[in-house]
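Q: Following this message is one structure expressed as structure tokens.
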Amino acid sequence: MVMEGSHAVPESVMDAVKKTLYNVEQVKTHLNEFLSQADPETLAAMPPLERARAHFLIAKATTVLYSVNLRCNGIHPDDHPVKSELERIMTYQEKLQRLTDSTKEPSRPSTTLNYQAATRFIEHSLPHLTPGQRKSMRDISRGEGTRIKYIEQSGHKKRKYPSSEMKNVQVAAKEFLEKASRELLGDVAQGGFQGPIQIDDSSDEEALEAQEAPGGFEEPIQIDDSDEEDHPMS
């Protein structure tokens, strides 16, 4: 039984074949243009990341085209040594993608800290924590501590200018310190040291002034023994 040519191959298969041939022609055109410009001098003048991307595209195009050739000849790439080369290409593709992403976002941190795991480690390393501290550590390990801290920070934003309550507190503190200073050190404008413990040396000063004054203390009593010398005892 001979089948008509129009019904020998399904239309879906013919459409797939035509699409594949078109894609192959496109790959051939772009690959030839790329290889014509990928000379060693041009590659050496490129930035490191661009040069790595160019080498990667050449290796991937070569490996994929060879795999397609194997399929067209009825050989599955998984049953061929080219499988290891495809896996190596995929590994370098992931590395290149990570490097490309890092250049697009330079401010992104390269490492991150797992706060929950770190909190559990700290909790087990410190056996003498109080119940309140242990509860706080467990809240952080469950992710609640971070959320509470964020809520507190968002609820108490920094003000550019101090509030009236802050001014009142500062004024009261200043007045208290001035009062304490007067009580401890005295008022300098009123005569120097006037603290709570005062030494009254006025009596000593008065005694010294009386001693130096002309009409102060009397001279010491002198005993006149001249008579005894003139009239000795018989």
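Q: Going through Ser67, Ser36 one at a time, which residue ends up being assigned to a helix (DSSP H, G or I) and modelled with pLDDT under 90?
A: When all the criteria are applied, what remains is Ser36.
Q: For a quick check of your reading of the model, give me the residue pairs whose first member lies in the stretch 63-86 and is free of Cβ contacts under 8 Å to residues at least 60 places away in the same chain, whose second is surrounded by 10 or more Cβ atoms within 10 Å (Cβ to Cβ) and not in a helix (DSSP H, G or I), with beta-carbon atoms closer than 6 Å and at least 6 apart or on different chains.
A: Sorted first by the residue in the stretch 63-86, then by its partner, the pairs are Leu70/His80.
The values are calculated or read from the model by the stated rules, or taken from the named source; none is laboratory data. This structure is a prediction, so every number in the text was calculated from the model and none was measured. Reconstructed Cβ throughout: ideal geometry from the backbone, glycine too, with neighbour counts over all protein chains shown.
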